[in-house]
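Inspection log for the structure reproduced underneath, given as C-alpha coordinates.
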Amino acid sequence: LEQELRAALANQEFEPHLQPILDLQSQRIVGFEALMRWRNPARGVLTPIEFIQVAQRTGLIISIGMQLLRQTLKEFTALIKRLERADLNISFNLSPSEFLQPDLVKAAARLLQEFELPAGSLSFEITEQVIISDLTQAKLVVENLHAIGISVALDDFGTGYSALNYLRVLSVDTIKIDRSFVDDLERNSRSMMMMRSLSQLAHNFKIKAVAEGVEWLEQLASVESHAIDQVQGYLIARPLAMVEIDAGWLDGIEQRAQKLLSHLRFA
(Lines give C-alpha, C1' and ligand atoms only; values in the text may rest on other atoms or scores of the structure.)
Protein backbone atom coordinates (compact mmCIF):
# COMPACT_ATOMS: atom_id res chain seq x y z
CA LEU A 1 0.00 0.00 0.00
CA GLU A 2 2.86 2.37 0.77
CA GLN A 3 4.37 1.71 -2.66
CA GLU A 4 0.99 2.36 -4.28
CA LEU A 5 0.65 5.62 -2.33
CA ARG A 6 4.06 6.78 -3.52
CA ALA A 7 3.08 5.98 -7.11
CA ALA A 8 -0.27 7.74 -6.62
CA LEU A 9 1.53 10.83 -5.37
CA ALA A 10 3.81 10.83 -8.41
CA ASN A 11 0.87 10.29 -10.76
CA GLN A 12 -1.41 12.80 -8.98
CA GLU A 13 -4.17 10.27 -8.41
CA PHE A 14 -5.64 12.09 -5.39
CA GLU A 15 -8.61 14.36 -6.02
CA PRO A 16 -11.08 16.44 -4.00
CA HIS A 17 -14.77 15.63 -3.80
CA LEU A 18 -16.97 18.40 -2.40
CA GLN A 19 -19.88 18.16 0.02
CA PRO A 20 -22.08 21.29 0.24
CA ILE A 21 -22.67 23.14 3.50
CA LEU A 22 -26.14 24.69 3.88
CA ASP A 23 -26.78 27.83 5.91
CA LEU A 24 -30.12 27.42 7.68
CA GLN A 25 -30.81 31.14 7.97
CA SER A 26 -30.29 32.13 4.33
CA GLN A 27 -31.27 28.63 3.05
CA ARG A 28 -28.35 28.80 0.63
CA ILE A 29 -25.19 26.79 0.07
CA VAL A 30 -22.37 28.85 1.56
CA GLY A 31 -19.46 26.54 0.87
CA PHE A 32 -18.09 23.05 0.61
CA GLU A 33 -15.97 20.64 2.58
CA ALA A 34 -13.23 19.11 0.44
CA LEU A 35 -12.97 15.35 1.01
CA MET A 36 -9.97 13.37 -0.20
CA ARG A 37 -10.48 10.59 -2.72
CA TRP A 38 -7.88 8.32 -4.32
CA ARG A 39 -8.66 7.27 -7.88
CA ASN A 40 -6.72 4.03 -7.81
CA PRO A 41 -6.27 2.51 -11.32
CA ALA A 42 -6.84 -1.02 -10.04
CA ARG A 43 -9.28 -0.56 -7.14
CA GLY A 44 -11.38 2.40 -8.21
CA VAL A 45 -12.18 5.43 -6.05
CA LEU A 46 -11.01 4.93 -2.45
CA THR A 47 -11.96 6.94 0.64
CA PRO A 48 -9.34 7.95 3.25
CA ILE A 49 -10.41 5.24 5.70
CA GLU A 50 -8.81 2.72 3.34
CA PHE A 51 -5.36 4.33 3.24
CA ILE A 52 -5.02 7.29 5.61
CA GLN A 53 -3.32 5.38 8.44
CA VAL A 54 -0.54 4.19 6.17
CA ALA A 55 -0.16 7.70 4.71
CA GLN A 56 0.19 9.14 8.22
CA ARG A 57 2.50 6.44 9.54
CA THR A 58 4.89 6.78 6.61
CA GLY A 59 4.84 10.58 6.61
CA LEU A 60 3.43 10.67 3.08
CA ILE A 61 0.37 12.52 4.35
CA ILE A 62 2.18 15.88 4.27
CA SER A 63 3.14 15.57 0.59
CA ILE A 64 -0.26 14.14 -0.32
CA GLY A 65 -2.05 16.87 1.64
CA MET A 66 -0.11 19.73 0.07
CA GLN A 67 -0.60 18.30 -3.42
CA LEU A 68 -4.32 17.91 -2.77
CA LEU A 69 -4.62 21.41 -1.28
CA ARG A 70 -3.07 22.89 -4.39
CA GLN A 71 -5.33 20.85 -6.65
CA THR A 72 -8.39 21.76 -4.57
CA LEU A 73 -7.74 25.50 -4.69
CA LYS A 74 -6.96 25.37 -8.41
CA GLU A 75 -10.20 23.55 -9.20
CA PHE A 76 -12.19 25.64 -6.73
CA THR A 77 -11.05 28.84 -8.45
CA ALA A 78 -12.42 27.51 -11.74
CA LEU A 79 -15.59 26.28 -10.01
CA ILE A 80 -16.64 29.57 -8.47
CA LYS A 81 -16.06 31.32 -11.78
CA ARG A 82 -18.16 28.68 -13.54
CA LEU A 83 -20.93 29.00 -10.96
CA GLU A 84 -20.58 32.81 -10.74
CA ARG A 85 -20.62 32.41 -6.95
CA ALA A 86 -17.64 34.24 -5.48
CA ASP A 87 -19.37 34.07 -2.07
CA LEU A 88 -18.67 30.34 -1.70
CA ASN A 89 -15.88 29.08 0.54
CA ILE A 90 -13.93 25.85 0.86
CA SER A 91 -12.88 23.95 3.99
CA PHE A 92 -9.96 21.54 3.99
CA ASN A 93 -9.13 18.87 6.58
CA LEU A 94 -5.64 18.71 8.03
CA SER A 95 -4.03 15.97 10.12
CA PRO A 96 -1.85 16.90 13.13
CA SER A 97 1.39 16.57 11.16
CA GLU A 98 0.00 18.70 8.32
CA PHE A 99 -1.35 21.45 10.56
CA LEU A 100 1.80 21.68 12.67
CA GLN A 101 4.30 21.69 9.81
CA PRO A 102 6.43 24.86 9.96
CA ASP A 103 5.64 26.19 6.47
CA LEU A 104 1.85 25.62 6.41
CA VAL A 105 0.89 29.29 6.73
CA LYS A 106 3.35 30.49 4.09
CA ALA A 107 2.40 27.67 1.73
CA ALA A 108 -1.30 28.43 2.09
CA ALA A 109 -0.70 32.15 1.53
CA ARG A 110 1.31 31.40 -1.62
CA LEU A 111 -1.43 29.17 -3.03
CA LEU A 112 -4.14 31.74 -2.34
CA GLN A 113 -2.08 34.37 -4.10
CA GLU A 114 -1.30 32.06 -7.01
CA PHE A 115 -4.97 31.31 -7.64
CA GLU A 116 -6.16 34.83 -6.75
CA LEU A 117 -8.47 33.63 -3.99
CA PRO A 118 -9.33 35.79 -0.97
CA ALA A 119 -8.03 34.29 2.26
CA GLY A 120 -11.56 34.40 3.68
CA SER A 121 -12.65 31.75 1.19
CA LEU A 122 -10.44 29.09 2.85
CA SER A 123 -10.92 27.32 6.17
CA PHE A 124 -8.80 24.58 7.69
CA GLU A 125 -10.53 21.88 9.73
CA ILE A 126 -8.64 20.23 12.59
CA THR A 127 -9.56 17.69 15.26
CA GLU A 128 -8.72 17.48 18.92
CA GLN A 129 -5.73 15.28 18.03
CA VAL A 130 -4.00 18.31 16.50
CA ILE A 131 -4.25 20.19 19.78
CA ILE A 132 -3.21 17.19 21.87
CA SER A 133 -0.07 16.88 19.73
CA ASP A 134 1.17 20.37 20.62
CA LEU A 135 -1.22 22.94 22.09
CA THR A 136 1.35 25.76 22.12
CA GLN A 137 2.22 25.28 18.45
CA ALA A 138 -1.44 24.83 17.51
CA LYS A 139 -2.30 28.18 19.11
CA LEU A 140 0.52 29.85 17.18
CA VAL A 141 -0.58 28.34 13.87
CA VAL A 142 -4.20 29.43 14.44
CA GLU A 143 -3.05 32.98 15.23
CA ASN A 144 -0.85 33.11 12.12
CA LEU A 145 -3.66 31.78 9.92
CA HIS A 146 -6.04 34.37 11.34
CA ALA A 147 -3.45 37.06 10.63
CA ILE A 148 -3.72 36.36 6.90
CA GLY A 149 -7.49 35.83 6.96
CA ILE A 150 -7.80 32.01 6.93
CA SER A 151 -10.33 30.62 9.39
CA VAL A 152 -10.09 27.45 11.49
CA ALA A 153 -12.82 24.95 12.39
CA LEU A 154 -12.71 22.39 15.19
CA ASP A 155 -14.04 19.16 13.69
CA ASP A 156 -15.75 16.23 15.50
CA PHE A 157 -16.55 18.60 18.35
CA GLY A 158 -18.05 17.10 21.47
CA THR A 159 -16.34 13.71 21.28
CA GLY A 160 -13.17 14.59 23.21
CA TYR A 161 -12.87 14.88 26.96
CA SER A 162 -11.07 18.21 26.69
CA ALA A 163 -13.08 19.80 23.89
CA LEU A 164 -14.55 22.55 26.04
CA ASN A 165 -11.15 23.50 27.41
CA TYR A 166 -9.71 23.69 23.89
CA LEU A 167 -12.53 25.97 22.84
CA ARG A 168 -11.59 28.25 25.72
CA VAL A 169 -7.90 28.26 24.83
CA LEU A 170 -8.01 28.16 21.03
CA SER A 171 -9.67 30.94 19.00
CA VAL A 172 -11.43 28.83 16.39
CA ASP A 173 -14.09 30.29 14.10
CA THR A 174 -16.38 27.26 13.81
CA ILE A 175 -17.24 24.08 15.67
CA LYS A 176 -18.45 21.11 13.65
CA ILE A 177 -20.62 19.01 15.96
CA ASP A 178 -19.83 15.35 15.58
CA ARG A 179 -22.34 13.27 13.63
CA SER A 180 -22.75 10.87 16.58
CA PHE A 181 -24.95 13.50 18.27
CA VAL A 182 -27.01 13.93 15.10
CA ASP A 183 -27.42 10.16 14.70
CA ASP A 184 -28.77 9.87 18.24
CA LEU A 185 -31.07 12.89 18.32
CA GLU A 186 -34.33 11.00 17.85
CA ARG A 187 -33.51 8.26 20.35
CA ASN A 188 -31.67 10.01 23.14
CA SER A 189 -32.93 13.08 24.98
CA ARG A 190 -29.43 13.63 26.34
CA SER A 191 -28.13 14.05 22.78
CA MET A 192 -30.83 16.66 22.17
CA MET A 193 -29.80 18.54 25.29
CA MET A 194 -26.15 18.29 24.28
CA MET A 195 -26.92 19.66 20.81
CA ARG A 196 -28.76 22.60 22.34
CA SER A 197 -25.93 23.25 24.79
CA LEU A 198 -23.25 23.11 22.10
CA SER A 199 -25.21 25.52 19.93
CA GLN A 200 -25.61 27.97 22.82
CA LEU A 201 -21.94 27.58 23.70
CA ALA A 202 -20.88 28.40 20.15
CA HIS A 203 -23.07 31.47 20.01
CA ASN A 204 -21.77 32.66 23.37
CA PHE A 205 -18.26 32.44 21.92
CA LYS A 206 -19.53 34.18 18.76
CA ILE A 207 -18.56 31.29 16.50
CA LYS A 208 -20.58 29.21 14.02
CA ALA A 209 -22.03 25.81 14.87
CA VAL A 210 -22.25 23.26 12.05
CA ALA A 211 -24.01 19.90 12.38
CA GLU A 212 -22.48 17.06 10.38
CA GLY A 213 -24.08 13.87 9.11
CA VAL A 214 -27.67 15.10 8.60
CA GLU A 215 -29.33 12.32 6.62
CA TRP A 216 -33.03 12.39 7.56
CA LEU A 217 -35.70 15.06 7.60
CA GLU A 218 -36.30 14.41 11.32
CA GLN A 219 -32.65 15.14 12.03
CA LEU A 220 -32.83 18.38 10.08
CA ALA A 221 -35.91 19.39 12.09
CA SER A 222 -34.14 18.70 15.40
CA VAL A 223 -30.97 20.46 14.35
CA GLU A 224 -32.83 23.56 13.18
CA SER A 225 -34.88 23.71 16.36
CA HIS A 226 -31.63 23.93 18.34
CA ALA A 227 -30.47 27.05 16.47
CA ILE A 228 -27.60 25.38 14.62
CA ASP A 229 -26.16 27.73 11.98
CA GLN A 230 -25.22 25.34 9.19
CA VAL A 231 -25.61 21.68 8.23
CA GLN A 232 -24.09 19.15 5.90
CA GLY A 233 -24.90 15.53 5.16
CA TYR A 234 -26.52 13.20 2.66
CA LEU A 235 -29.93 14.86 3.10
CA ILE A 236 -28.44 18.00 1.57
CA ALA A 237 -26.10 16.30 -0.92
CA ARG A 238 -23.53 13.55 -1.22
CA PRO A 239 -19.90 14.44 -2.01
CA LEU A 240 -19.28 14.96 -5.69
CA ALA A 241 -16.17 15.38 -7.85
CA MET A 242 -15.63 19.05 -8.59
CA VAL A 243 -15.79 18.59 -12.37
CA GLU A 244 -19.34 17.23 -11.97
CA ILE A 245 -20.64 20.30 -10.12
CA ASP A 246 -22.54 22.87 -12.15
CA ALA A 247 -24.99 25.69 -11.55
CA GLY A 248 -28.02 23.48 -12.17
CA TRP A 249 -26.88 20.96 -9.57
CA LEU A 250 -26.28 23.70 -7.00
CA ASP A 251 -29.60 25.42 -7.73
CA GLY A 252 -31.40 22.10 -7.37
CA ILE A 253 -29.86 21.49 -3.96
CA GLU A 254 -30.81 24.95 -2.72
CA GLN A 255 -34.37 24.70 -4.02
CA ARG A 256 -34.87 21.30 -2.42
CA ALA A 257 -33.41 22.53 0.88
CA GLN A 258 -35.69 25.56 0.83
CA LYS A 259 -38.74 23.33 0.32
CA LEU A 260 -37.67 21.04 3.17
CA LEU A 261 -37.12 23.95 5.54
CA SER A 262 -40.36 25.66 4.53
CA HIS A 263 -42.23 22.41 5.20
CA LEU A 264 -40.64 22.08 8.64
CA ARG A 265 -41.35 25.69 9.60
CA PHE A 266 -44.91 25.54 8.34
CA ALA A 267 -45.50 22.29 10.21
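The values are calculated or read from the model by the stated rules, or taken from the named source; none is laboratory data. All values derive from a computational prediction rather than experimental measurement. Here the Cβ is made from the backbone with ideal geometry for all residues, glycine too, and neighbour counts use every protein chain on show. All accessible areas refer to the heavy atoms of the entire protein, side chains included, with ligands and DNA or RNA removed. Shrake-Rupley method; radii C 1.70, N 1.55, O 1.52, S 1.80 Å.
Some observations on this one:
- Virtual spin-label span in nm between residue 205 and residue 26, 7 Å along Cα→Cβ: 2.3 nm
- Taking only protein heavy atoms and a 1.4 Å probe, the accessible area of the chain is 50% carbon and sulfur.
- As a ratio to 2.2 N^0.38 Å, the alpha-carbon radius of gyration computed for the range 168-267 takes the value 1.15.
- Span-like helix criteria (full DSSP H runs; alpha carbon extent of at least 24 Å along the helix axis; mean Kyte-Doolittle hydropathy of at least -0.5) are satisfied in the chain by 60-83, 247-266.
- Cα pair distances in the range 87-151, grouped into 10 Å bins until the bin that holds the longest one, percent each: 21, 56, 20, 2
- Across 184, 134, the residue with the most accessible area heads the list, and the full order at a 1.4 Å probe is 134, 184.
- For the range 23-127, the Kirkwood hydrodynamic radius comes to 15.0 Å, computed from all pairs of different C-alpha atoms.
- The relative contact order of the range 107-151 comes to 51 percent, based on Cα pairs under 8 Å that sit 6 or more residues apart.
- Pair residue 86, residue 218: separation of 7 Å Cα→Cβ label points (nm): 4.5 nm
- In order along the range 232-240, the Karplus-derived 3J(HN,Hα) couplings, from 6.51 cos²θ - 1.76 cosθ + 1.60 at θ = phi - 60°, round to 8, x, 5, 5, 7, 5, 7, x, 9 Hz, and Gly and Pro are given as x.
- Of the Cα atoms belonging to the chain, the radius of gyration and Dmax stand at 18.3, 56 Å.
- Rel. contact order, % - alpha carbon contacts under 8 angstrom, at least six apart, the range 170-246: 32 percent
- Rel. contact order, % - alpha carbon contacts under 8 angstrom, at least six apart, the chain: 19 percent
- For the chain, the per residue solvent-accessible surface stands at 49 Å², with DNA, RNA and ligands left out and a 1.4 Å probe.
- In a DSSP loop and with at most 13 other Cβ atoms within 10 Å, the chymotrypsin sites (Phe, Trp or Tyr not before Pro) in the range 202-266 are 234.
- Rounded to the nearest 500, the 222 nm mean residue ellipticity of the chain from helices alone is -15000 deg cm²/dmol, with -39,500 (n - 2.57) taken per DSSP H run of at least 4 residues.
- Sites listed here are GluC sites (Glu not before Pro) in the range 95-166 whose DSSP assignment is loop and whose Cβ has at most 12 other Cβ atoms within 10 Å: 116.
- In this rough spin-label picture, where each label sits 7 Å from Cα along the Cβ direction, the residue 103-residue 50 distance is 3.2 nm.
- Residues within the reach of a label modelled at residue 42 (point 7 angstrom out along Cα to beta-carbon, backbone nitrogen below 14 Å), restricted to the range 3-22, are 3-8.
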